[in-house]
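Below is one structure, written out as structure tokens; comments come after it.
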Amino acid sequence: MHSKHPAPNQTEAIQGTHPWLEWIKQVYAIAQWGLTYSKDPFDLERYGILHDLSNQMMADFTSMNLERMPELFTHEIGYATPKVDIRGVVFQDGKMLMVQENWDRCWSLPGGWADIGLSPAEVAAKEVFEEAGLTVKPVKLLAVWDKKFFSHPASAFHVYKLFIQCEILGGELARGLESLDVRFFSPDELPPLSEQRITREQIDLLAKHMQDPNRLTDFN
């Protein structure tokens, strides 16, 4: 099972959006690009300084200790790109499948980071099975959203979110290793949401797909 979003005390501390956080991410990306492609030793030294400064600034803007910033970005090598979060969306009788997360005891759609070697559809099906016990068939890409356009808590990563509708083939509702509970909820009667993963606005937009199966894919 692949790793999920880090717990909030590891990467997230401030709520809402802040332009400085986005600028820090861009500085980090520029430093990463330079360290990857530059050949000049003096340029490599300068990009290394930028890299260290961006880590220090990120530590100041979050609850992460400076010593743990390299741990956060251990696998961030090569050309810096956004991370991809994939969610399986299962509709049934006017309700939406949700799982209760271990780390914050709030609710989200089943899903997590994209896996190397698996397609987005395969990730969605795997996550629904692992977190909710259902065997599903991915049938439609409902939305591709940039996380920065929604009211998620601040994150150290730039994240694209993919929401893939899945149809139930079999299985029974059962909580997984990383979920405390699993249920179907009406969009009008939602439990407390794990806002690092899903927002009320996103649920409302996904509900429009439940109401109109011919609705085109949402993207920003």
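Do the conditions hold for residue 97, that is, is it touching a helix residue (DSSP H, G or I) at 6+ places or on another chain (Cβ under 7 Å) and modelled with pLDDT under 80? Spell out how you get there, then give the answer.
On the way: touching a helix residue (DSSP H, G or I) at 6+ places or on another chain (Cβ under 7 Å): yes; modelled with pLDDT under 80: no.
Spelling it out, it is not the case that residue 97 is touching a helix residue (DSSP H, G or I) at 6+ places or on another chain (Cβ under 7 Å) and modelled with pLDDT under 80.
Pick out, from region 85-165, the strands (runs of 3 or more DSSP E) lying fully within it that include 2 or more residues that are under 16 Å from residue 203 (Cα atoms).
Numbers: elements: 95-101, 111-113, 134-146.
Once the strands (runs of 3 or more DSSP E) in region 85-165 are filtered for at least 2 residues that are under 16 Å from residue 203 (Cα atoms), what remains is 95-101, 134-146.
Quick one: would you say residue 119 is modelled with pLDDT of 85 or more, of a type in the set (S, T, N, Q) and more than 20 Å from residue 185 (Cβ to Cβ)? Show your work before the answer.
Values: modelled with pLDDT of 85 or more: yes; of a type in the set (S, T, N, Q): yes; more than 20 Å from residue 185 (Cβ to Cβ): yes.
Yes.
Report yes if some residue within region 34-53 is modelled with pLDDT under 75, surrounded by fewer than 14 Cβ atoms within 10 Å (Cβ to Cβ) and in a loop (DSSP other than H, G, I, E, B); otherwise report no.
Taking every residue of region 34-53 in turn, none turns out to be modelled with pLDDT under 75, surrounded by fewer than 14 Cβ atoms within 10 Å (Cβ to Cβ) and in a loop (DSSP other than H, G, I, E, B).
What number of residues in region 72-94 are surrounded by fewer than 19 Cβ atoms within 10 Å (Cβ to Cβ) and either out of contact with any Ser or Thr (no Cβ under 7 Å at 6 or more places or on another chain) or modelled with pLDDT under 95 (or both)?
Start the filter on region 72-94 by keeping residues that are surrounded by fewer than 19 Cβ atoms within 10 Å (Cβ to Cβ), which leaves 72-84, 92-94.
Filter once more, so that each one left must be either out of contact with any Ser or Thr (no Cβ under 7 Å at 6 or more places or on another chain) or modelled with pLDDT under 95 (or both): 72-84, 92-93.
Residues that pass the stated criteria total 15.
Looking at residue 195 and the list (1) under 19 Å from residue 121 (Cβ atoms); (2) acidic (Asp, Glu); (3) assigned to a loop (DSSP other than H, G, I, E, B), which single condition is not satisfied?
(1)
The values are calculated or read from the model by the stated rules, or taken from the named source; none is laboratory data. Just so it is clear, the structure is predicted and the values come from calculations on it, not from any experiment. Here Cβ is always computed from backbone atoms with ideal geometry, including for glycine, and neighbour counts include all displayed protein chains.
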